[in-house]
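The values are calculated or read from the model by the stated rules, or taken from the named source; none is laboratory data. All of these numbers come straight from a predicted model, not from anything done at the bench. Quick reminder, even Gly has a Cβ in these numbers, built from the backbone with ideal geometry, and neighbours come from all protein chains shown.
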Amino acid sequence: MNVFYEESGSFKVATIKAENPGSLQVEAASGKRTKIKTANVLLNFEQSVEDFMALAQAEADTLAIDFLWECSDAQEFGFEDLAKAYYGDQPNTIQLAAIAIKVHAAPIYFYRKGKGRYKAAPEDTLKLAIAAVEKKRLQAEQMAVWVAQLNDQQLPEGFAEKADHLIYHPDKNSLEWKAIEQAAASSGRLALTVMADAGLISSAHDYHLGAFLREMFANGTAFPAHEEMTALDQLLADLPISDVGAFSIDDATTNEIDDAFSVVDLPNGHKRVGIHIAAPSLAIAQGGALDAIVLDRLSTVYMPGHKITMLPETVVRPFSLDAGQTKPALSLYCEVAVDFTVISHETKIEQISVNENLRHDRLEPFFNTETLAANCSPHPLWESLKFLHGFAEALEKARGKYEPDRAPQIDYNFYVSAGVVSIVARERGSPMDKLVAELMIFANSTWGGLLKDGARAGIYRAQTGGKVFMTTEALPHQGMGVAQYAWCTSPLRRAVDLVNQRQLIALLKQQPAPYPNDDDVLKVIIRDFDQTYQAYNDFQTRMERYWCLQYLIQEQLTEVTASVWRENLVRLDGMFFITKVPSLPTLKVGTKVSLTIKHIDTLLMELNCQFKQVIEQASDAMIAENEGSDVVVGDQ
């Protein structure tokens, strides 16, 4: 005897080998034996096990499910009852099995009630279910069309209107996203590549920029409506005008000029050195709409070829220390002896006249290591520059950070115009860099001390135990070798500097502190600034990596040279770009190698290189250069 039974939601047939109370030992046509419950048996039959299911399925295929539903009772029924209603009073076992198979396979028409029993779906519910099935069928057809188009690198209609969400925040249940995923899986690509190949992502640059803007500037980069600044003429009327003529030193692309310098001869043979910092805090009311913009953006965002300023241009221009203008400034004056000893210093709120904005590219030929060694340069500000450089070296020595024999470090500036990038190397620690850096460190440390001595709260950068962090306490910065270090010198570009400037100005005017010592506002600013500033820096690094890759494409380079960084990491020559080279043999750090470029992907930020040959074995200087550099490995 053979049985037709249900197991795990499907029908099977087998031959009975043994009967036990409540169970059967059966053997399938394949020869496999198993134990089943007697309660699961729907039919006993004599036909061949090998043919029964095929015949039953063939019969089931002839049945119309709509007609069966119409023939069924509104109440719960057994499959035998429906078979009798359809075939007559004596359906054979094939027909009985066919009804069971057909009804069981149509759950939207018939609800399963267990052991061959079913209930017809209500008419309204059935109509909804049929509509849903039809909708799913049409969606599957549409998806198949979209997948074919995407794999043919064509953009399906309607995708462009949903580009932003599909690229940056896709609804994983949407048909469009499922089509993209299916195209990726069927073509062996990433979803991001599928979108780029189809033209949904206009360019790799726009993709990286868009991802950043969506995260950090969800409402766009345009400045919201804000109140006017305090009238400048009203501000300037209360400020004395200094008798100095100041000059700034900046990169050619800088237009938010925060700092400038002056040097004046004193009757006693000493010099009066002035460090002048733009003073926008004079006009930005605490708690106002402009202040809200500052505390929202927290810093200017930098990237090659573009930047997003912290402050609106209507605020930057009146306070930027532009040449040929008189601007309000917070000035630190130092009386400096011939041996560069600081005799005294004082801080003033005043107006200064800016005579020149010196730019790195134009100044460097006249102010460099060679001209200093020769003690000669035709530059009109040579004497002031030479003295300030000597003062800067003295400050560096006083901090315990003077290292004349240190291997030279290289910085790279990116200049982008009309999509064409140039990468220009500059030696870090050049006379220009040292002059500016040391005077800024001196000002930040001195003003941090002024806040400390005045018992005013401030925001400090500190380093103890090797960790750099921000705090409201005037703690030492061991890495810089100063007793305290408060960012104060970039108030047009960093919120922390503007906040500290408010505290300093209030202290100088003997007014109540804008941020009292027991107020937690500064701690909130520190938390927000730390997170935001890191995100901005990470983005800048990412975009610099993008432009490095774009430069390789632009110059149509097929080979590059590089230095072994560590293990299978190399740093390309002519730029700060570190990448893995799996084929790199074991070589000493600093070894110069030649690489063949195999593939560049600016969207995925990937550079695939193949080791070609060793150009130069590592020297002690090369090893020192790699060990001393602070380059950070980017996305790999």
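Quick test for you: out of VAL420, VAL436, VAL521, VAL468, pick the one residue that is among the β-branched types (Val, Ile, Thr), in contact with an Asp or Glu (Cβ under 8 Å, 6 or more places away or on another chain), surrounded by fewer than 22 Cβ atoms within 10 Å (Cβ to Cβ) and in the same structural domain as TYR402 (by TED's automatic domain parsing).
Unique residue meeting the criteria: VAL436.
Can you pull out the residues in the range 373-407 that are touching a helix residue (DSSP H, G or I) at 6+ places or on another chain (Cβ under 6 Å) and either in contact (Cβ under 8 Å) with a residue 40 or more places away in the chain or closer than 25 Å to ALA323 by Cβ (or both)?
SER377, LEU388, HIS389, ALA392, LEU395, GLU396, ALA407, listed by residue number.
Take the residues of the range 589-628 that are surrounded by fewer than 17 Cβ atoms within 10 Å (Cβ to Cβ) and acidic (Asp, Glu): which is modelled with the lowest pLDDT?
Filtering first and then ranking leaves GLU627.
For (1) closer than 30 Å to GLU383 by Cα; (2) not in a strand (DSSP E or B), each residue gets a yes or a no:
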position	(1), (2)
SER445	yes, yes
ARG461	no, no
TYR485	yes, yes
VAL496	no, yes
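Only one residue in LEU504, LEU475, LEU549, LEU522 is free of Cβ contacts under 8 Å to residues at least 24 places away in the same chain and not charged (D, E, K, R). Which one?
LEU475
If I go through the range 185-199 residue by residue, how many of them are of a type in the set (Asp, Glu) and either within 17 Å of LYS172 (Cα to Cα) or surrounded by fewer than 18 Cβ atoms within 10 Å (Cβ to Cβ) (or both)?
Adding up the residues that qualify gives 0.
Search the range 566-590 for residues that are over 21 Å from LEU549 (Cα atoms) and pair each with any residue that is basic (Lys, Arg) and not in a loop (DSSP other than H, G, I, E, B) when their beta-carbon atoms are under 7 Å apart and the residues are at least 6 apart or on different chains.
Here the result reads VAL589/ARG566, each pair linking the range 566-590 to a residue that is basic (Lys, Arg) and not in a loop (DSSP other than H, G, I, E, B).
If I ask for residues that are crowded, with 18+ Cβ neighbours inside 10 Å and not in a strand (DSSP E or B), which ones from the range 341-374 would you list?
HIS360, LEU363, PHE367, THR371
Mind listing whichever residues of the range 446-465 are on the phi < 0 side of the Ramachandran plot and under 32 Å from the mean Cα position of the chain (by Cα)?
Within the range 446-465, GLY458, ILE459, TYR460, ARG461, ALA462, GLN463, THR464 qualify.
Residue by residue, here is whether (1) in the same structural domain as LYS102 (by TED's automatic domain parsing); (2) out of contact with any His (no Cβ under 7 Å at 6 or more places or on another chain); (3) crowded, with 16+ Cβ neighbours inside 10 Å; (4) not hydrophobic (A, V, I, L, M, F, W, C) holds:
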position: GLU6; (1), (2), (3), (4): yes, yes, yes, yes
position: ILE16; (1), (2), (3), (4): yes, yes, no, no
position: GLN25; (1), (2), (3), (4): yes, yes, no, yes
position: ALA28; (1), (2), (3), (4): yes, yes, no, no
position: ARG33; (1), (2), (3), (4): yes, yes, no, yes
position: LEU42; (1), (2), (3), (4): yes, yes, yes, no
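Which residues, taken from the range 115-172, are assigned to a loop (DSSP other than H, G, I, E, B), of a type outside the set (Lys, Arg) and either closer than 30 Å to TYR207 by Cα or in contact (Cβ under 8 Å) with a residue 60 or more places away in the chain (or both)?
If the condition is that a residue be assigned to a loop (DSSP other than H, G, I, E, B), of a type outside the set (Lys, Arg) and either closer than 30 Å to TYR207 by Cα or in contact (Cβ under 8 Å) with a residue 60 or more places away in the chain (or both), then GLY116, ASP152, GLN153, GLN154, LEU155, PRO156, GLU157, GLY158, PHE159, HIS169, PRO170, ASP171 are the ones that fit.
Within the range 314-336, is there a residue that is part of a loop (DSSP other than H, G, I, E, B), closer than 23 Å to ASP530 by Cα and modelled with pLDDT of 95 or more?
No, every residue in the range 314-336 fails to be part of a loop (DSSP other than H, G, I, E, B), closer than 23 Å to ASP530 by Cα and modelled with pLDDT of 95 or more.
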